1. Pairing the Cα long axis of helix 202-214 with the longest principal axis of the chain, what angle in degrees results, from 0 to 90 and rounded to the nearest 10?
2. What number, in percent, do you get for the relative contact order of region 207-258 if the mean sequence gap of Cα pairs under 8 Å and at least 6 apart is divided by its residue count?
3. Is there a quick way to get the dipole size of the chain? I mean about its Cα centre, with the Cβ of Lys and Arg at +1 and of Asp and Glu at -1; what is the value in debye to the nearest 20?
4. Given an 8 Å cut-off on Cα distances and at least 6 residues of separation, report the relative contact order of region 13-65 as a percent.
5. Binned at 10 Å from 0, what are the whole-percent values of the Cα-Cα distance distribution for region 1-99, short to long?
6. Please give the helix 186-198 orientation as an angle from the longest Cα principal axis of the chain, in degrees from 0 to 90, rounded to the nearest 10.
7. Could you tell me which GluC sites (Glu not before Pro) in region 1-78 are loop residues by DSSP with no more than 15 other beta carbons within 10 angstrom of their beta carbon?
8. Taking every pair of alpha-carbon atoms in the chain, what share in percent sits in each 5 Å bin, from 0 to the bin with the longest distance?
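The values are calculated or read from the model by the stated rules, or taken from the named source; none is laboratory data. Just so you know, these numbers come straight off a predicted model, no measurement behind them. Cβ atoms come from the backbone with ideal geometry, glycine included; neighbour counts cover every protein chain shown. Just so you know, the surface numbers come from the protein's heavy atoms only, side chains and all, with ligands and any DNA or RNA stripped out. Shrake-Rupley method; radii C 1.70, N 1.55, O 1.52, S 1.80 Å.
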Amino acid sequence: MAYHNITVEIADYVALIRLNRPDALNALNSALLAELATALTEADANDKVRCIVITGSEKAFAAGADIKEMSEKSFVDVYGEDMFADSTDTILRIRKPIIAAVSGYALGGGAELAMACDFIICAENAKFGQPEINLGVIPGIGGTQRLTRFVGKSKAMEMTLTGRFMDAEEAERSGLVSRVVPTAKLLSEVMAVARKIAEKSQMAVLAGKEAVNRSYETTLREGLQFERRLFHALFATEDQKEGMAAFLEKREPQFRDR
Ligand code: HXC
């Protein structure tokens with residue numbers, strides 16, 4: 001499919017999806033979100049992809065949902081079409097790992113998109129925020145729920161009610177991002193992490209993602225049981241035999257996704 005609002009490159013088993021509306025700081029309009037949903041679905045189904053990276057430009061990961069597109073809509077419009085539900089729920093169905101590589105602004109829907117990925121690595125110039133309150137609305141694609149789980153109620157509430165931005169240092173300190181890297185090195189660092197994931201047994205990677213994500217959805221007891229059963233199930237794979245044999249033989253494992 002030809003994309004107009006994103007680019008997709010696949011190399012070394014990593015799909016790099018770049019948001020590409022530079023004139024609008026990658027504001028998420030419906031066309032971009034539809035293309036992103038298609039690209040994610042295709043990457044998930046593609047045998048040549050084992051990890052997905054979503055990034056933007058150096059200035060902006062994404063400065064939010066497209067305000068121009070939304071501004072004239074009525075309640076009937078947005079409720080009637082269930083605005084953003086389809087396109088943004090797609091990411092929940094993707095089984096392969098998705099890393100958000102955030103440089104510059106990740107605001108509103110941009111921060112929400114980053115948080116919907118499996119983890120975030122950001123550049124030193126990153127700025128996260130939920131400024132919807134300044135527009136007379138609130139976050140609508142997960143901000144109040146995911147930000148609260150990442151950074152706790154106090155910071156999430158302050159950011160949601162004041163629209164204040166969080167810089168990279170604060171984002172790392174409060175657990176929003178897994179780490180901060182120099183701005184010029186963001187993509188090379190994230191691609192190295194993605195390639196590292198792509199080398200692992202895909203069965204174990206899918207199971208690890210599923211198990212961590214389950215911790216958001218269930219009680220501790222149920223989550224522990226779910227994790228244990230997946231752990232047990234991986235003993236049915238050849239990759240478990242290979243991984244453990246390679247350790248004992250002091251060599252690199254050769255995983256075959258079986
Ligand atoms: C549409 C946007 C945009 C957005 C920026 N642009 N953000 N267009 N939607 N969210 C456009 C500007 O209109 C401008 O276009 C161009 O991008 C460059 O932006 P500037 O404002 O000139 O850049 P700068 O002065 O560097 O300021 C950067 C900024 C600011 C601080 C990020 O652009 C900003 O505050 N943007 C809005 C952030 C925001 O409120 N996001 C939340 C959106 S609501 P022109 O044509 O003038 O050059 C949301 C809700 C999600 O995300 C959930 C919904 C259900």
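1. Tilt of helix 202-214: around 50 degrees.
2. Values: 29 pairs, mean separation 13.6, N = 52.
Rounded, it is 26 percent for region 207-258.
3. Working: 32 positive and 37 negative charges, 178 e Å.
Computed charge dipole of the chain: roughly 860 debye.
4. On the way: 70 pairs, mean separation 31.8, N = 53.
Reported as a whole number, the value is 60 percent.
5. With a bin width of 10 Å, the distribution comes to 15, 45, 30, 8, 1.
6. Here the helix axis deviates by roughly 40 degrees.
7. Details: sites: Glu9, Glu35, Glu42, Glu58, Glu69, Glu72; in loops: Glu58, Glu72.
Passing sites in region 1-78 are Glu58, Glu72.
8. 1, 6, 12, 16, 18, 17, 12, 8, 5, 2, 1, 0, 0, 0
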